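A quick write-up on the structure given underneath.
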Amino acid sequence: MTAADPTLDRDATELHRALSDLVRVVQFRDRDRICCHDISVTQCYALEEMIRRGPSSLNELAAALYLDKSTASRVVDGLERKGYATRAPHPTDGRALAISATASGRGLYERIETELLEEEKRLVSDFEPEVRRAMVLLLGRLARAANARVDCGTSCAC
């Protein structure tokens, strides 16, 4: 960050407002769509991570979801009760359990993802292909930058 950039404050403020608006809309849209399937948004995110990562420890899943271990455990407990996740001995760590999505959990996530992707297509259909591609690249880069700041501990919540 350089103090010499006179537009940085303005751009950061406008980005914050735009992201806040977007996140709020997407969160409520996702909540409304996902909850129709009798799971919470957090449980859906957990299923998505289990499918992407394969079997993971609770600590790994909690870190990926930006949750503390006890909250992640409750999320997995709920998925396990519904038959969407399972715990088994971890293949490399005898002290840990590997958490995985079941076939039923993968099927549920695929149905939810299909619905959300149809909504995304409607959302971006009026943009030119090069603009859509630029959005993907820009948002991916922004997500990686934000994640890197969280991983290195520079975005303390307090």
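Throughout, read-outs are computed from the coordinates displayed, never taken from laboratory work. Since we're looking at a predicted model, the values are computed, not measured. No Cβ is skipped: glycine too gets one built from the backbone with ideal geometry, and neighbour counts run over all protein chains shown.
If I fit a long axis through the Cα atoms of helix 129-151 and take the longest principal axis of the Cα atoms of the chain, what angle between them do I get, 0 to 90°, rounded to 10?
Roughly 70 degrees, rounded to the nearest 10.
Just name one of 88, 19, 72: the one whose Cα is farthest towards the positive end of the charge dipole of the chain (beta-carbon charges, Lys/Arg +1, Asp/Glu -1).
Result: 88.
So how far, in whole Å, is the C-alpha centre of region 97-152 from the one of region 2-56?
10
Considering the Cα positions of region 64-109, please state its Rg to one decimal place and its Dmax as a whole number of Å.
Taking only Cα atoms of region 64-109, I get Rg and Dmax of 11.1, 30 Å.
Please work out how much length the chain gains when fully extended from residue 14 to residue 121, using 0.36 nm per residue of separation minus the C-alpha to C-alpha distance, in nm with one decimal.
Values: separation 107, 0.36 × 107 = 38.52 nm, distance 2.54 nm.
That pair, residue 14 and residue 121, stretches by 36.0 nm at full extension.
Given charges of +1 on the Cβ of Lys and Arg and -1 on the Cβ of Asp and Glu, with all other atoms neutral, how large is the dipole of the chain about its Cα centre, in debye to the nearest 20? Present the calculation step by step, with values, prior to reporting the outcome.
Values: 23 positive and 25 negative charges, 90 e Å.
Around 440 debye, computed over the chain.
Per 5 Å bin, what is the whole-percent P(r) computed from every C-alpha pair distance within region 70-158?
Percent of pairs per bin, in order: 3, 11, 10, 12, 13, 17, 18, 10, 4, 1, 0.
Please list the non-local residues whose amide H lies under 5 Å from the amide H of residue 98, H modeled 1.01 Å from N, same-chain partners needing a gap of 5 or more.
Hits under the 5 Å cutoff: 88, 90.
Could you work out which residue, out of 89, 55, 129, moves most in a Gaussian network model of the chain, that is, has the largest mean-square fluctuation with Cα springs under 10 Å?
Top of the fluctuation ranking is 129.
Quick check: pseudo-label points 7 Å beyond the Cα along Cα→Cβ at residue 132 and residue 27, how many nm apart are they?
Taking the two extended label points, one gets 2.8 nm.
Applying the Karplus parametrisation 6.51 cos²θ - 1.76 cosθ + 1.60 with θ = phi - 60° to the phi angles of region 9-16, what ³J(HN,Hα) value in whole Hz is obtained for each residue in order, glycine and proline being reported as x?
Those phi angles translate into 4, 4, 5, 5, 5, 5, 5, 4 Hz.
Wrap a convex hull around the Cα atoms of region 1-154, take a quarter of its surface area, and give that in square nanometres. Can you show the working numbers first?
Working: hull surface 46.6 nm².
Mean projected area for region 1-154: 11.7 nm², to one decimal.
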